[in-house]
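Reviewing the structure listed below.
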């Protein structure tokens with residue numbers, strides 16, 4: 001599913017080169033739920049940004065479903081985000097002017113898919129428990145509800161991988177547990193491959209496997 | 001159509017809903033932007049309306065003389081009624097076969113767009129059918145002036161009152177509008193006061209029968225080489241913006257300014273919108289939106305602003321026409337429906353040009369930086 005070998009990423013900040021990733025090796029099989037933990041600056045977010053096609057790697061090899069991200073153009077990375085990757089962010093990142101339903105629909109629209117009906121997605125909405133909240137705008141939703149809408153948006157196109165960046169970072173314990181259970185449910189019931197960044201060891205324990213990062217490398 | 005292509009319709013509906021919600025999200029900015037585009041549209045439509053209104057007014061008043069043919073000095077321009085030719089030419093004209101009436105007039109500009117027309121009252125009455133007096137009556141002395149109802153209203157003057165327009169005149173009568181000019185004086189008196197003895201600007205000619213107008217025209221053209229000689233209908237047809245280069249250039253300049261105004265307004269509006277929505281643009285990019293998708297959202301938003309601005313501008317044109325009618329009634333302003341689409345296209349073009357840079361800036365935003373934006 002995901003094969004990463006000797007992946008590096010160097011950012012140029014002014015005249016300084018910042019080595020965010022210094023040779024990452026990671027394999028993730030289809031249907032796995034992997035938690036990535038590590039201190040700030042360890043390279044977790046950079047790894048996610050590369051996996052999500054938001055930024056190109058500097059060197060190494062990285063394949064998602066057989067697609068080589070190193071050789072991808074901007075247009076191909078845009079295509080990857082449309083079809084193969086779903087993001088869940090710490091700050092939910094819903095479009096504030098659209099309703100929950102339209103926030104989800106716009107992801108399908110961008111991917112060029114039918115936005116009207118998807119029986120499997122109806123099941124997901126039931127699973128997420130947000131069916132009655134779909135016609136509200138984000139400001140009328142609680143943090144937990146917003147994050148569940150964000151999860152629905154991330155998986156509406158049935159991506160190969162779901163990337164969750166601190167998905168419980170802005171939530172209280174009750175909502176955090178609910179969101180983590182949902183991610184685990186999605187993984188169990190639908191076989192959704194998930195990579196989740198977290199600082200919280202308790203949250204990380206929801207994954208099948210925990211990967212630790214430090215100084216741009218996977219250490220454990 | 002939507003029943004067949006439900007997905008496409010919903011998709012368009014979704015994007016337009018996003019665009020509408022974005023516009024509603026900042027109502028003051030949206031309103032001000034649309035109004036500013038509206039001002040641009042109003043500028044164009046009012047200028048065109050005043051130009052056409054005044055030209056049509058001149059045409060209507062030319063027909064009101066009752067003349068069939070007019071003779072003007074060599075080298076005179078279409079709207080330049082001043083200039084002169086010897087008054088004795090009138091005798092030459094009268095001597096032509098089938099000429100029933102011929103009368104000379106002197107047009108004396110008195111500043112701004114106003115002018116006094118010197119006439120032989122009896123001859124002019126015979127040709128035009130006579131004035132219909134709303135107040136007062138004909139000239140009784142050399143300082144007497146007859147004004148039309150529009151001029152009287154604009155200056156709030158009545159028969160018997162004096163008016164100083166460079167020289168002091170007594171208003172002898174107020175007449176219905178529609179005959180040649182807005183102010184009339186006895187021609188000898190006007191020639192004396194403005195040192196134009198025996199000079200005239202235009203000769204109005206009436207043929208003894210409509211069927212003889214071409215013959216009279218041909219005869220006069222033979223006799224008066226180099227003079228500008230037209231039938232009144234021919235003259236009226238020449239009174240258009242297309243035949244007045246300076247007016248064309250002026251309208252061109254105003255349209256240019258309007259495009260610049262629209263460009264600047266939309267540029268600033270969209271630039272601030274893009275800055276404000278940096279994070280949302282980042283979200284769309286993270287979802288896989290292409291640069292074209294994001295540019296399309298902003299251009300749709302701009303198009304809606306331009307359409308709203310055009311509608312507002314058209315409505316405001318009725319307001320400017322009312323204001324012109326109240327404060328400058330001598331400048332007839334028309335609503336020129338034929339220019340509505342052009343004004344809309346000009347507003348749209350200016351707006352889309354203004355939206356291009358912010359649009360490209362949004363489309364090229366780095367998604368990681370955009371998502372980190374607070």
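The values are calculated or read from the model by the stated rules, or taken from the named source; none is laboratory data. The structure presented is a predicted model; accordingly, all values stated were derived computationally and were not measured. Note that we place each Cβ from the backbone using ideal geometry, even for glycine, and neighbour counts take in every protein chain shown.
Here is how the numbers come out for the structure above:
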read-out: So residue A:127, is it more than 10 Å from every other protein chain (Cβ to nearest Cβ), at pLDDT below 90 and on the phi < 0 side of the Ramachandran plot; value: yes
read-out: Residue that is touching a helix residue (DSSP H, G or I) at 6+ places or on another chain (Cβ under 9 Å), within 30 Å of residue B:374 (Cβ to Cβ) and more than 14 Å from every other protein chain (Cβ to nearest Cβ), where the choices are B:293, B:357; value: B:357
read-out: Where residue B:215 falls short, out of the listed (1) in contact (Cβ under 8 Å) with a residue 24 or more places away in the chain; (2) within 19 Å of residue B:63 (Cβ to Cβ); value: (2)
read-out: Odd one out for residue A:168, checked against (1) within 23 Å of residue A:80 (Cα to Cα); (2) buried (at least 24 other Cβ atoms within 10 Å of the Cβ); value: (1)
read-out: The one condition in (1) crowded, with 20+ Cβ neighbours inside 10 Å; (2) part of a helix (DSSP H, G or I); (3) within 14 Å of chain B (Cβ to nearest Cβ); (4) in contact (Cβ under 8 Å) with a residue 40 or more places away in the chain that residue A:139 fails to fulfil; value: (1)
read-out: Any hit, the range B:135-142, residues being touching a residue at least 40 places away in the same chain (Cβ under 8 Å) and touching a strand residue (DSSP E or B) at 6+ places or on another chain (Cβ under 6 Å); value: yes
read-out: The range B:188-209 - residue that is touching a helix residue (DSSP H, G or I) at 6+ places or on another chain (Cβ under 9 Å) and crowded, with 17+ Cβ neighbours inside 10 Å and, of those, farthest from residue B:224 (Cα to Cα); value: B:196
read-out: Helices (runs of 4 or more DSSP H) contained in the range B:160-260 and holding at least 3 residues under 31 Å from the mean Cα position of the chain (by Cα); value: B:232-238
read-out: Lone qualifier among B:146, B:89 - being touching a residue at least 24 places away in the same chain (Cβ under 8 Å), more than 18 Å from residue B:203 (Cα to Cα) and in contact with a strand residue (DSSP E or B) (Cβ under 7 Å, 6 or more places away or on another chain); value: B:146
read-out: Those residues of the range A:82-124 which are more than 7 Å from chain B (Cβ to nearest Cβ) and on the phi > 0 side of the Ramachandran plot, in sequence order; value: A:92, A:112
read-out: Members of the range B:243-259 that are touching a helix residue (DSSP H, G or I) at 6+ places or on another chain (Cβ under 7 Å) and either within 30 Å of residue B:70 (Cβ to Cβ) or surrounded by fewer than 18 Cβ atoms within 10 Å (Cβ to Cβ) (or both); value: B:247, B:248, B:251, B:254
read-out: Given (1) part of a helix (DSSP H, G or I); (2) within 19 Å of residue B:177 (Cα to Cα), index of the condition residue B:108 fails; value: (1)
read-out: Subset tally (residues that are at pLDDT below 90 and more than 23 Å from residue A:85 (Cα to Cα)) for the range A:176-200; value: 1
read-out: Test: residue in the range B:309-316 that is away from chain A (no Cβ under 14 Å) and within 30 Å of residue B:156 (Cβ to Cβ); value: yes
read-out: Candidates B:46, B:30, filtered to the one that is within 40 Å of the chain's Cα centre (by Cα), modelled with pLDDT of 90 or more, in a helix (DSSP H, G or I) and away from chain A (no Cβ under 14 Å); value: B:46
read-out: Test set (1) buried (at least 22 other Cβ atoms within 10 Å of the Cβ); (2) assigned to a helix (DSSP H, G or I); (3) without any contact (Cβ under 8 Å) to a residue 60 or more places away in the chain; (4) more than 7 Å from chain B (Cβ to nearest Cβ) - residue A:76 fails condition number; value: (1)
read-out: Filter pass, residue B:296 being touching a residue at least 24 places away in the same chain (Cβ under 8 Å), surrounded by 15 or more Cβ atoms within 10 Å (Cβ to Cβ) and within 24 Å of residue B:31 (Cβ to Cβ); value: yes
read-out: Residue list for the range A:36-73, filter: within 11 Å of chain B (Cβ to nearest Cβ), under 12 Å from the mean Cα position of the chain (by Cα) and at negative phi; value: A:45, A:48, A:49, A:50, A:52, A:54
read-out: Enumeration of residues in the range B:260-287 that are surrounded by fewer than 18 Cβ atoms within 10 Å (Cβ to Cβ), within 14 Å of residue B:365 (Cβ to Cβ) and more than 14 Å from chain A (Cβ to nearest Cβ); value: B:271, B:275
read-out: Residue B:238 outside the structural domain of residue B:104 (by TED's automatic domain parsing), in contact with a strand residue (DSSP E or B) (Cβ under 9 Å, 6 or more places away or on another chain) and over 25 Å from residue B:131 (Cα atoms); value: yes
read-out: Odd one out for residue B:301 among (1) at pLDDT 95 or above; (2) crowded, with 18+ Cβ neighbours inside 10 Å; value: (1)
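So that you can scan it fast, the table gives a plain yes or no per residue for (1) assigned to a helix (DSSP H, G or I); (2) touching a strand residue (DSSP E or B) at 6+ places or on another chain (Cβ under 9 Å); (3) free of Cβ contacts under 8 Å to residues at least 12 places away in the same chain:
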residue	(1), (2), (3)
A:46	yes, yes, no
A:53	no, yes, no
A:72	no, no, no
A:98	no, no, no
A:108	yes, no, no
